[in-house]
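**Q** My questions all concern the structure below.
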Amino acid sequence: MRITGISTHVVGTPWRNLTYVQVHTDEGLTGVGETRMLGHTDALIGYLREAEANHVAGSDPFAVEDLVRRMKYGDYGRAGEIVMSGIACVEMACWDIKGKALGVPVWQLLGGRADVSDNRVKAYANGWYTVERTPEAFHKAARAVVERGYRALKLDPFGTGSFELDHAESLRSLSLVEAVRDAIGPEAELLLEMHGRFSPATAIRLARELEPFAPSWLEEPVPPENLKALAKVAERTSLPIATGERIHDRIEFRELFESQAADIIQPDVGHLGGIGETRKLAATAEAHYVLVAPHNVGGSVLTAASLQLAGCTPNFKILEHFNDFADADIKKVVRGAPQVVDGYFTLSDAPGLGVELDTEAAAEFPQQQARFDLWAEDWHKRDGQAGR
């Protein structure tokens, strides 16, 4: 079997463009991959066009390791977010083809179920708080999440905070967290996102003030470039630290593990080079007693790919999910889209990724000039207007 070519399809919303890549073969099998790029979708499409000619066309889709190596190192320049995301789309599509050809799900090819007693994967909701930034509005929105069956949710309550957060904004942010905890009760998981906003001093202060609400983690408390700053926060709070969505090469996690600055890593399967690269990273994390909770802000193909990882990874914690709350209509572009029932995904036994792209449905959502600025007023509404 040989790859004859690839095709790309961009599904657009006001705040995110989702890029789907179909890999076609001479035996009629087609696989699909997906990523979400912020502000670089056209660059990704351009890279894939060149990579198709230079590396992909004519390759054996079963030889995933060789294809990833050639795409990553065969152009000599150091692979960054765009290249690693392009690799991820092609790589997960190859796994999809391999699973379909052999009649088994990808997780079965990667070692089989890590927990044979349970085929469920816990989900947490994101994108649900597109409301006015008041305790009353956040309380009502959080109640709707748990009433839908979710047992975990995440929020960034900190507005446009950057490095510092003044006293008034600190009180406002804490009031939002208090409202959400009250809405979801003591047993549901509350996950707190900081989006790399703060200086270590501010993050440490806020962590101390947030402890009464028992969050399961504090995510990206400081900008991601300085791991010593992250370690400083980790050393001075009892809250677990999560980070990693903006690291695009598993090798770059080495220093993070050595510093013991994170308790949970959050690689994005769609940015890290795909399922196999993320599986290797998860094994390294396991050796350092670190949990894995992938960043998953894409659509249903990326969700399905992340679930393949979940199925075979002993140190997998939980999977992010936007698509019940933000742009829920885009789920219809994928047949067999994973669904959350009573707070959990069910691990699929379908061959490959277990999903198919509906290109006609995808055409109903053309690419947009998507806008998402985390430092603009009302960014959390995810309507594409923040910062304009």
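**Q** If you check ALA88 against the conditions, is it touching a Ser or Thr at 6+ places or on another chain (Cβ under 6 Å), touching a residue at least 60 places away in the same chain (Cβ under 8 Å) and buried (at least 24 other Cβ atoms within 10 Å of the Cβ)?
**A** Numbers: touching a Ser or Thr at 6+ places or on another chain (Cβ under 6 Å): yes; touching a residue at least 60 places away in the same chain (Cβ under 8 Å): yes; buried (at least 24 other Cβ atoms within 10 Å of the Cβ): yes.
Yes.
**Q** How many of the residues in segment 134-168 are closer than 16 Å to LEU374 by Cα and open to solvent by 30 Å² or more (accessible area, probe 1.4 Å)? Step through it out loud before you land on a result.
**A** Going through segment 134-168, the residues closer than 16 Å to LEU374 by Cα turn out to be 154-165.
Checking the rest, the ones that are also open to solvent by 30 Å² or more (accessible area, probe 1.4 Å) come to 160, 162-164.
Result for segment 134-168: 4.
**Q** Could you tell me whether GLY384 is at pLDDT below 95, over 27 Å from ILE6 (Cα atoms), open to solvent by less than 10 Å² (accessible area, probe 1.4 Å) and not acidic (Asp, Glu)?
**A** yes
**Q** Next question, about the same structure. Of the residues in segment 46-85, how many are among the aromatic types (Phe, Trp, Tyr), more than 19 Å from GLY31 (Cβ to Cβ) and either assigned to a helix (DSSP H, G or I) or touching a residue at least 24 places away in the same chain (Cβ under 8 Å) (or both)?
**A** Filtering segment 46-85 for residues among the aromatic types (Phe, Trp, Tyr) gives 47, 62, 73, 76.
Next cut, more than 19 Å from GLY31 (Cβ to Cβ) only: 73, 76.
Next, from what is left, pick out any that are either assigned to a helix (DSSP H, G or I) or touching a residue at least 24 places away in the same chain (Cβ under 8 Å) (or both): 73.
Adding up the residues that qualify gives 1.
**Q** If you don't mind, there's one more thing I want to ask. Report whether or not LEU174 is in contact with a helix residue (DSSP H, G or I) (Cβ under 9 Å, 6 or more places away or on another chain) and in a strand (DSSP E or B). Show your work before the answer.
**A** Values: in contact with a helix residue (DSSP H, G or I) (Cβ under 9 Å, 6 or more places away or on another chain): yes; in a strand (DSSP E or B): no.
When the stated conditions are applied, LEU174 does not pass them.
**Q** Given (1) touching a residue at least 24 places away in the same chain (Cβ under 8 Å); (2) surrounded by fewer than 22 Cβ atoms within 10 Å (Cβ to Cβ); (3) within 26 Å of ARG49 (Cα to Cα), identify the lone condition not met by LEU110.
**A** It is condition (3) that LEU110 fails.
**Q** For segment 209-245, give me each residue that is polar (S, T, N, Q) and buried (at least 16 other Cβ atoms within 10 Å of the Cβ).
**A** Pass one, segment 209-245, residues polar (S, T, N, Q): 216, 226, 237-238, 243.
Within segment 209-245, SER216, THR237, THR243 qualify.
**Q** Sticking with this one: Here is a check on your reading of the model: is VAL341 open to solvent by less than 60 Å² (accessible area, probe 1.4 Å) and of a type in the set (Val, Ile, Thr)? So that I can check it myself, show each step before the final result.
**A** Numbers: open to solvent by less than 60 Å² (accessible area, probe 1.4 Å): no; of a type in the set (Val, Ile, Thr): yes.
Taking the combined requirement at face value, the residue does not satisfy it.
**Q** Something else about it: Here is a check on your reading of the model: is ALA188 under 17 Å from ALA261 (Cα atoms) and surrounded by fewer than 21 Cβ atoms within 10 Å (Cβ to Cβ)?
**A** No: the conditions fail for ALA188.
**Q** Of all residues being free of Cβ contacts under 8 Å to residues at least 60 places away in the same chain, among the small types (Gly, Ala, Ser) and over 20 Å from ALA88 (Cα atoms) in segment 286-331, which is most open to solvent (accessible area, probe 1.4 Å)? Just the residue, please.
**A** ALA287
The values are calculated or read from the model by the stated rules, or taken from the named source; none is laboratory data. Note that the structure is predicted; figures quoted are calculated from it, not measured. Heads up, the Cβs are rebuilt from the backbone with ideal geometry, glycines too, and the neighbour counts pull from every protein chain shown. All accessible areas refer to the heavy atoms of the entire protein, side chains included, with ligands and DNA or RNA removed. Shrake-Rupley method; radii C 1.70, N 1.55, O 1.52, S 1.80 Å.
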